[in-house]
Amino acid sequence: MENKRLNLSNSQLKWETIFKKILIAMSVLLVLIILGVLATLIKESWPSIKALGIGFLWGKVWDPVSNVYGAYPFLVGTLLTSFIALIISIPFSYAIAIYLGEYNPKGWLSDLLKNAIELIAAVPSIIYGFWGLFVLVPVIRTFEMKIGVAPYGIGVFTSSLILAVMIIPYAASLGITLIRMVPSPLKEGAYALGATRFEVIKSVIMPYTRSGLFAGVLLSLGRALGETMAVTMLIGNTSAVADSIKNAIFGPGNTMASVIANEFTEADHSEYLSALIELGLVLFFVTVVINLIGKRIITKFTNN
Amino acid sequence: MEAKIGFRNTKSVIFKGIIVFFAFIMVVPLMIILLYIIKQGIFQVNWHFLTNVPAPVGEPGGGIVNALVGSFLMVLMAAVVAIPVGMAAGIYLSENPRTKLAYYSGLCVDILQGVPSIVVGIVVYFWIVKPLGTFSAISGSVALAIMMLPIVIRSTEQTLKLLPDSLKEAALSLGVPYHRVILKVIVPCGFAGILSGITLSIARVIGETAPLLFTAFGNPYLSTSITKPMESLPHLIFTYATSPYDDWHNLAWGASFILLMFVLILNIVTKVITRKWKVQL
């Protein structure tokens, strides 16, 4: 009897150790995945890094046929689409954050709006792209004819519009949480001094949440930089550098993600492939850094 | 000097008006997009559509069964891998928040959450597609599993962190071994939170196209072999939406409608779970 019990607890002990080891192994696996991603990207883009050096980033010509690779058109395209989208989306995401965080935090109307915001984030990007291609593009084409630029329809501006809708939820939902965290004694104090609601928002809530809202914008930006499918379908995929600012905004272009999506399976020689992967490496670094800064700000904010 | 109170009040009201306007105007494009997809897609869907492979150009009819089966199989395989791994890592992070490993793997979760999906596609191409020499469903699943991991891990970690320590202590004081405490007490208590994380992650990857472009690739025929290329709903939409034929566009609208319904249902399920058990994500 004694012996049996001892055996049982021994086998349980063994299981306990195994279980703990599994937990540790899975956490190590995560680290290995990230290291593996980094190693693969660097290894596969190494030929291109070695051959082209840092000049790759501002090389203006991307011509796989004559083996000339420069990332400049895609860097410009990526930054342009992301920042236009960001500028369009900020008023909306801030308004949603203020409305749901301060004016109307509870009730059916705020639930409705909150669900709508979550739905915007849930719709797959391929559906945004498809809709944009068939509904938004003709509308933009008419608009471009009215303002007197070449009526491509597709292009940087069209992608930015769709992108703006897609990234609103990221900044908005974080903003709602942060604005709700503003301590009410601060707000009550301002009201007691006779401040109106606008003044409370302007001089109490906004200064208090500024860094957190900025972090939300960074997360949105990270999303916009890496977004692939909707942009690929709408941007027009031209690797030439536009000759004027007007054409750069309204004409077709290419982003780092879209050029990879379009040309990766067509890359027929190793230098071409390697240059595309180097674009992926750049994209990886940029989005990771932006995301980590955003996350760091949020952790700092919520810990205070 | 001080502005009149009437003026300040008016300013406050106007500001509120602007905020309400900007907050609600966002619902308009969402509604336009959803209604358009439903309008274009709903009449494409019938039994024939759901049980046939796409027809060649010029032939009427055709369906999306290859994409339905493909999406289902690939997401299923991804879930089978990502859920246990993600839960184990999540349990580790919530149980040992202060170790060095927890710091680094937490950092990796943050990084993984921000990695663009197209980059995941590239990497899995070199990990699996190139050694095997062919595009395959299994490589698509691996890419999707990597995309699922951070959501599963974070929801497991957050849910378990909210549970009171007394639960665990009570079980341990009764002499229950550690693994049974976790599996029979802690995980069941946080089950709803973990489950909502899982449904959310599935809703997220079922619409992912970019990681599948270079991995599962796509296949116009019905295939259930995991070492061969396989079609998926989002990839089918991409291929047929960018084709020049009206018949194929209609097929893509129907597929978009189905995909949208899947995503909506999964999101509603998540909502119901979180509301019923009052989980906070």
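Every number in this text was worked out from the coordinates using simple rules, so none of it is lab data. Owing to the predicted nature of the structure, the values given are computational and were not obtained by experimental measurement. For neighbour counting, all protein chains shown are included, and Cβ atoms are generated from backbone atoms with ideal geometry for every residue, glycine included.
Take the Cα of A:Phe285, step 7 Å along the line toward its Cβ, and report every residue of the stretch B:106-122 whose backbone nitrogen sits under 16 Å from that point.
B:116
Taking Rh as the Kirkwood radius computed over C-alpha pairs, what is the Stokes-Einstein D of the stretch B:164-240 at 4 °C in a medium of viscosity 1.567 mPa s, expressed in µm² per second?
Working: Rh = 15.9 Å.
Translational D for this selection: 81 µm²/s.
Under the definition of partner shielding as Cβ atoms of other protein chains within 10 Å of a residue Cβ, what is the mean value for peptide B:27-40?
The per-residue average across the peptide is 4.
Work out the charge dipole of the protein assembly as shown with +1 on the Cβ of Lys and Arg and -1 on the Cβ of Asp and Glu about the Cα centre, then indicate which of B:Val142, B:Ile226, A:Ala195 is farthest towards its positive end.
It is A:Ala195, whose Cα lies furthest towards the positive end.
Rounded, prolate or oblate: which one fits the stretch A:261-304, using the alpha carbon gyration tensor with axes a ≥ b ≥ c (rounded when a/c is under 1.5, else prolate when a/b beats b/c, else oblate)?
Prolate, since a/c reaches 1.5 and a/b exceeds b/c.
Once you have the alpha carbon radius of gyration of the protein assembly as shown, what is it after dividing by 2.2 N^0.38 Å, with N set to its residue count?
That ratio works out to 1.03.
By its C-alpha gyration tensor, with a ≥ b ≥ c as the square roots of the eigenvalues, how is the stretch B:14-173 shaped: rounded for a/c under 1.5, else prolate for a/b larger than b/c, else oblate? Kindly include the intermediate steps, with their values, before the conclusion.
Details: a/c = 2.19, a/b = 1.32, b/c = 1.67.
Taking the square roots of the gyration eigenvalues as a ≥ b ≥ c, the stretch B:14-173 is oblate.
Taking amide hydrogens as modeled 1.01 Å from N in the peptide plane, which residues meet the under 5 Å criterion relative to A:Val68, leaving out close sequence neighbours?
For A:Val68, the qualifying residues are A:Asp63.
Using θ = phi - 60° and the Karplus curve 6.51 cos²θ - 1.76 cosθ + 1.60, what whole-Hz ³J(HN,Hα) does each residue of the stretch B:111-123 get, with Gly and Pro shown as x?
5, 4, 5, x, 5, x, 4, 5, 5, 4, x, 4, 5
Counting C-alpha atoms alone, how compact is the stretch A:57-303: give Rg to one decimal and Dmax as a whole number, in angstrom.
Every Cα atom of the stretch A:57-303 included, Rg and Dmax give 20.7, 72 Å.
For the pairs B:Lys161/B:Lys276; A:Lys295/B:Lys168; A:Lys20/B:Lys161; A:Lys300/B:Lys168; A:Lys21/B:Lys100; B:Lys39/B:Lys276, flag any whose C-alpha to C-alpha distance is greater than 21 Å.
Checking Cα-Cα distances, A:Lys295/B:Lys168; A:Lys300/B:Lys168; B:Lys39/B:Lys276 exceed 21 Å.
Could you work out the local net charge near B:Val53, counting Lys and Arg as +1, Asp and Glu as -1, over the other residues with Cβ closer than 13 Å to its Cβ? Write down the numbers at each step before the final one.
On the way: positive: none; negative: B:Glu59, B:Glu231.
In short, -2.
May I ask which residue of A:Pro207, A:Ser82, A:Pro138 lies farthest towards the positive end of the charge dipole of the stretch A:57-303, with charges of +1 (Lys, Arg) and -1 (Asp, Glu) on Cβ and the Cα centre as origin?
The residue sitting most towards the positive pole is A:Pro207.
Please enumerate, by chain and number, the aspartates and glutamates with C-alpha under 14 Å from the C-alpha of B:Lys271, excluding those fewer than 8 residues away in the same chain.
Output for B:Lys271: A:Asp111, A:Glu118.
Give me a comma-separated list of calculated 3J(HN,Hα) values for the stretch A:254-271, in order, Karplus coefficients 6.51, -1.76, 1.60 applied at θ = phi - 60°, integers in Hz, x for any Gly or Pro.
7, 10, 4, 5, 6, 5, 5, 4, 7, 10, 4, 6, 9, 4, 9, 9, 5, 5
Using a 10 Å cut-off around each Cβ, can you sort B:Cys189, B:Cys108 from fewest to most neighbouring Cβ atoms? Intermediate values should be presented prior to the final figure.
Details: B:Cys189 16, B:Cys108 24.
By the 10 Å Cβ count, ascending: B:Cys189, B:Cys108.
Return the single residue from A:Phe157, A:Phe198, A:Phe19 with maximal mean-square fluctuation; model: Gaussian network over chain A, springs between Cα atoms under 10 Å.
A:Phe19
Using a 10 Å Cβ count of at most 11 others and DSSP loop calls, identify the longest part of chain B lacking such trypsin sites (Lys or Arg not before Pro). Don't skip to the answer; put the middle values down first.
Values: sites that count: B:Lys4, B:Arg98, B:Lys278.
That gives B:99-277 as the longest site-free run.
Rg and Dmax of the stretch A:171-225, using alpha carbons, in Å: what are they?
Cα radius of gyration and Dmax of the stretch A:171-225 are 13.1, 44 Å respectively.
Considering chain A as a Gaussian network with a 10 Å cut-off on Cα pairs, which listed residue, A:Ser211, A:Ser125, A:Ser11, attains the greatest mean-square fluctuation?
Evaluated over chain A, the most mobile residue of the options is A:Ser11.
Cα-Cα pairs above 20 Å in the stretch A:1-152: how many percent?
So the pairs more than 20 Å apart make up 78 percent of the total in the stretch A:1-152.
Reachable lysines from A:Lys146, Cα under 19 Å, same-chain residues fewer than 8 places away excluded?
List returned: A:Lys246.
Return A:Trp15, A:Trp58, B:Trp248 ranked ascending by Cβ neighbour count within 10 Å, so the fewest neighbours appear first. Mind showing how you got there, number by number?
Values: A:Trp15 14, A:Trp58 10, B:Trp248 20.
Fewest to most other Cβ atoms nearby, the residues stand as A:Trp58, A:Trp15, B:Trp248.
So which residue, out of A:Leu219, A:Leu186, A:Leu163, gets the largest mean-square fluctuation from a GNM of chain A using Cα contacts under 10 Å as springs?
Looking only at A:Leu219, A:Leu186, A:Leu163, the largest GNM fluctuation is found for A:Leu186.
Rounded to the nearest 0.05, what FRET efficiency do B:Leu264 and A:Ile245 have when you use their Cβ-Cβ distance and R0 = 35 Å?
So the FRET efficiency works out to roughly 0.30.
Treat chain B as a sphere of radius equal to its Kirkwood radius over Cα pairs and apply Stokes-Einstein at 4 °C in a medium of 1.567 mPa s; give the translational diffusion coefficient in µm²/s, rounded to a whole number.
After rounding, the answer is 60 µm²/s.
Treating cross-link reach as a plain straight distance, find the aspartates and glutamates whose alpha-carbon is under 12 Å from the alpha-carbon of B:Lys11, omitting any fewer than eight places away in the same chain.
A:Glu199
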